[in-house]
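Below is one structure, written out as structure tokens; comments come after it.
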Amino acid sequence: MERRDVRGHYDELAAEYDEHWVYGPDYIPWMAGQIAEALRVSCADRIADVGCGTGLFAREVARQLQPVHPILCVDPSQAMLRQLGTPPPPDLVPIVASAEDIAEGRASLPYEQLDAMWLKESVHHVTDQAGALRGLAERLTPRGRLLVVMLPATIQYPLFQAALDRFEELQPDPADIQAHLSAAGLEASLTHVEHELRIDRDKYLGMVRARYMSLLSTFTDSEIEKGIEEMQGAHPESVLVFPDRFAFVLGQRRGQGA
């Protein structure tokens, strides 16, 4: 994906980020459960959420798992990490770093190796995806697992057409991420999960106006407003119903399957 001021985008969005991403009361527990199940995490694992944002999913995984070792919440935006709380919960440890920082050894972690890590909707911010995933894979234990959660190459969101077109232009192909994990020496698999979203139309329009997806930061204010007018015309219904489909690309040390 093209390089933008991604950190600045998330710094500005940090205070209201959770409001935009908590679609409904069941969404965060559902996604956190899907992540935990795919990674087969146990309470004894050393875990990292790379590109965690405000820690929405790490917090829920910790609630469900009750980990012995705190989950590492890794994100380059200090403003996002501050949303964990001051001080943060004892089962979460904020780490100000990017995926590349971890992969290239520029960031110090409290754990020498990790049993499980995930990147949820953050891999598209990585410039050298193959190199970063290879470096992250090298941080895994002999039974380690690495999960990349990402949107597929096309989405069915009720966005304006220019945003949908730009998404398809910029979004990495999950099959390429699978190939990168294989090249990094991991057994890689690709599956999909889906969750139906029901969102009040006016709330969703507000989310678009606030640029809740980093993709939307590539549009000017006037382009966003024009897009919202298009969305209003295309969706007169008061509640938007659409599928939220994710690719789960899982890499694990060879010969260490379930």
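The values are calculated or read from the model by the stated rules, or taken from the named source; none is laboratory data. This structure is a prediction, so every number in the text was calculated from the model and none was measured. Don't worry about glycine lacking a Cβ; one is built from the backbone with ideal geometry, like all the others, and counts go over all protein chains shown.
How many residues are surrounded by 15 or more Cβ atoms within 10 Å (Cβ to Cβ), more than 18 Å from the chain's Cα centre (by Cα) and in contact (Cβ under 8 Å) with a residue 12 or more places away in the chain when one looks only at the range 190-207?
Residues of the range 190-207 that are surrounded by 15 or more Cβ atoms within 10 Å (Cβ to Cβ), as a first pass: 190, 193, 195, 197, 199, 201, 204-207.
Adding the requirement that they be more than 18 Å from the chain's Cα centre (by Cα) leaves 199, 201, 204-206.
With the extra rule that they be in contact (Cβ under 8 Å) with a residue 12 or more places away in the chain, the set shrinks to 199, 201, 204-205.
Qualifying residue count for the region: 4.
Scan the range 60-86 for residues that are under 18 Å from the mean Cα position of the chain (by Cα) and more than 20 Å from VAL148 (Cβ to Cβ) and jot them down. Let's see the steps before the verdict.
Taking the range 60-86 and keeping what is under 18 Å from the mean Cα position of the chain (by Cα), we get 60-62, 71-84.
ALA62, GLN78, ALA79, LEU81, ARG82, GLN83, LEU84 - these are the residues of the range 60-86 that are under 18 Å from the mean Cα position of the chain (by Cα) and more than 20 Å from VAL148 (Cβ to Cβ).
Please work out which residue is surrounded by the most Cβ atoms within 10 Å (Cβ to Cβ), limiting yourself to the range 129-170 and to residues that are at pLDDT 95 or above and touching a His at 6+ places or on another chain (Cβ under 8 Å).
My answer is LEU133.
Restricting to the range 73-89, count the residues that are touching an Asp or Glu at 6+ places or on another chain (Cβ under 9 Å) and either polar (S, T, N, Q) or crowded, with 21+ Cβ neighbours inside 10 Å (or both). Give the derivation first.
Our first condition is that a residue be touching an Asp or Glu at 6+ places or on another chain (Cβ under 9 Å); within the range 73-89, this holds for 73-81, 83.
Narrowing the set further to residues that are either polar (S, T, N, Q) or crowded, with 21+ Cβ neighbours inside 10 Å (or both) leaves 73-78, 80-81, 83.
The number of residues fulfilling the criteria is 9.
For the range 216-237, give me each residue that is surrounded by 15 or more Cβ atoms within 10 Å (Cβ to Cβ), touching a residue at least 60 places away in the same chain (Cβ under 8 Å) and closer than 17 Å to ILE199 by Cβ.
GLY227, ILE228, MET231, HIS235
Can we say ARG211 is charged (D, E, K, R) and surrounded by 16 or more Cβ atoms within 10 Å (Cβ to Cβ)?
Working: charged (D, E, K, R): yes; surrounded by 16 or more Cβ atoms within 10 Å (Cβ to Cβ): yes.
Considered against the rule, which asks whether it is charged (D, E, K, R) and surrounded by 16 or more Cβ atoms within 10 Å (Cβ to Cβ), ARG211 comes out as yes.
Among HIS180, HIS125, which is the only one that is surrounded by 14 or more Cβ atoms within 10 Å (Cβ to Cβ) and modelled with pLDDT under 95?
On the way: HIS180 fails: modelled with pLDDT under 95.
Just one listed residue meets the conditions, HIS125.
Go through the range 134-177 and count every residue that is free of Cβ contacts under 8 Å to residues at least 60 places away in the same chain and more than 21 Å from ALA48 (Cα to Cα).
Residues meeting the conditions: 11.
For the range 98-114, does any single residue satisfy the condition of being surrounded by fewer than 19 Cβ atoms within 10 Å (Cβ to Cβ) and of a type in the set (Val, Ile, Thr)?
Checked the range 98-114: no residue is surrounded by fewer than 19 Cβ atoms within 10 Å (Cβ to Cβ) and of a type in the set (Val, Ile, Thr).
So, of the residues in the range 189-213 that are β-branched (Val, Ile, Thr) and over 26 Å from ILE177 (Cβ atoms), which turns out to be modelled with the lowest pLDDT? Full working, then the answer.
We begin by selecting, within the range 189-213, every residue β-branched (Val, Ile, Thr); these are 191, 193, 199, 208.
With the extra rule that they be over 26 Å from ILE177 (Cβ atoms), the set shrinks to 199, 208.
Details: ILE199: 91, VAL208: 95.
Among residues in the range 189-213 that are β-branched (Val, Ile, Thr) and over 26 Å from ILE177 (Cβ atoms), the one modelled with the lowest pLDDT is ILE199.
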